[in-house]
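The values are calculated or read from the model by the stated rules, or taken from the named source; none is laboratory data. Because the structure is predicted, anything quoted here is derived from the model rather than measured. Because the Cβ atoms are built from the backbone with ideal geometry, glycine has one as well, and the counts that use them run over all protein chains shown.
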């Protein structure tokens, strides 16, 4: 039974100026909000973000950010490492979306050196372990059908 689509992107940036944007909390919140609009999903609450301290080996570069958006359809998250010109992005949704639109948007927002995208269909197979004693009601019903 299919429960959703999970897009995972690992992105390396080509430009130091772009990398510094990965340490700007307001910028990251805006980028996630823009990606939510592009994917035609619904943000439930404002995007939340937390900035971490600078890594000990890169005191001159601000710390990375983790930001998360709760969607009616599931969630979107980003984890940034400005000192490595890198970020990872996840978008999980119970409804279909065009992952090519997200990749295209990322390439417009940043100067991308390399992007690795994986999309996984999430769900539980019919051969789900029968040994489990307790199943959530929705899952028990789904497995019977």
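Looking at 97, 87, which is the one that is within 11 Å of residue 35 (Cβ to Cβ) and surrounded by 16 or more Cβ atoms within 10 Å (Cβ to Cβ)?
Numbers: 87 fails: within 11 Å of residue 35 (Cβ to Cβ).
The unique qualifying residue is 97.
Within the group 69, 63, which residue is surrounded by 15 or more Cβ atoms within 10 Å (Cβ to Cβ), more than 14 Å from the chain's Cα centre (by Cα) and either outside any helix (DSSP H, G or I) or at pLDDT below 95 (or both)?
Numbers: 69 fails: more than 14 Å from the chain's Cα centre (by Cα).
Testing whether each residue is surrounded by 15 or more Cβ atoms within 10 Å (Cβ to Cβ), more than 14 Å from the chain's Cα centre (by Cα) and either outside any helix (DSSP H, G or I) or at pLDDT below 95 (or both) leaves just 63.
Evaluate the following for residue 44: is it at pLDDT below 95 and surrounded by fewer than 15 Cβ atoms within 10 Å (Cβ to Cβ)?
Working: at pLDDT below 95: no; surrounded by fewer than 15 Cβ atoms within 10 Å (Cβ to Cβ): yes.
It is false that residue 44 is at pLDDT below 95 and surrounded by fewer than 15 Cβ atoms within 10 Å (Cβ to Cβ).
Which number in (1) buried (at least 16 other Cβ atoms within 10 Å of the Cβ); (2) in contact with a helix residue (DSSP H, G or I) (Cβ under 6 Å, 6 or more places away or on another chain); (3) part of a loop (DSSP other than H, G, I, E, B) marks the one condition that residue 55 misses?
(1)
Restricting attention to the stretch 73-92, which residues are at pLDDT below 95 and over 19 Å from residue 54 (Cβ atoms)?
Selection gives 73, 74.
Residues in the stretch 19-33: is at least one touching a helix residue (DSSP H, G or I) at 6+ places or on another chain (Cβ under 6 Å), in a loop (DSSP other than H, G, I, E, B), in contact (Cβ under 8 Å) with a residue 60 or more places away in the chain and under 14 Å from residue 79 (Cβ atoms)?
yes
State which residue pairs qualify: first residue at negative phi and inside the stretch 97-114, second residue in a loop (DSSP other than H, G, I, E, B) in any location, beta carbons under 6 Å apart, and separation of 6 or more residues or different chains.
Listed pairs, sorted by first residue: 97/39; 111/14; 111/15; 113/14.
If a residue has to be in a strand (DSSP E or B) and either out of contact with any strand residue (DSSP E or B) (no Cβ under 6 Å at 6 or more places or on another chain) or more than 23 Å from residue 45 (Cβ to Cβ) (or both) to count, how many in the stretch 72-120 make the cut? So that I can check it myself, show each step before the final result.
So the first thing to find is which residues in the stretch 72-120 are in a strand (DSSP E or B), and the list is 74-81, 86-93, 112-120.
Keeping just the survivors that are either out of contact with any strand residue (DSSP E or B) (no Cβ under 6 Å at 6 or more places or on another chain) or more than 23 Å from residue 45 (Cβ to Cβ) (or both) gives 81, 86, 112-120.
Within the stretch 72-120, residues that are in a strand (DSSP E or B) and either out of contact with any strand residue (DSSP E or B) (no Cβ under 6 Å at 6 or more places or on another chain) or more than 23 Å from residue 45 (Cβ to Cβ) (or both) number 11.
For residues that are over 15 Å from residue 23 (Cβ atoms) and in contact with a helix residue (DSSP H, G or I) (Cβ under 9 Å, 6 or more places away or on another chain), tally how many sit in the stretch 79-96.
Within the stretch 79-96, residues that are over 15 Å from residue 23 (Cβ atoms) and in contact with a helix residue (DSSP H, G or I) (Cβ under 9 Å, 6 or more places away or on another chain) number 2.
Among the residues of the stretch 34-71, which ones are farther than 18 Å from residue 97 by Cα and in contact with a strand residue (DSSP E or B) (Cβ under 6 Å, 6 or more places away or on another chain)? First the steps, then the outcome.
Step one: list which residues in the stretch 34-71 are farther than 18 Å from residue 97 by Cα, which gives 45-68.
Scanning the stretch 34-71 gives 45, 47, 48, 49, 50, 51, 63, 64, 65, 66, 67, 68.
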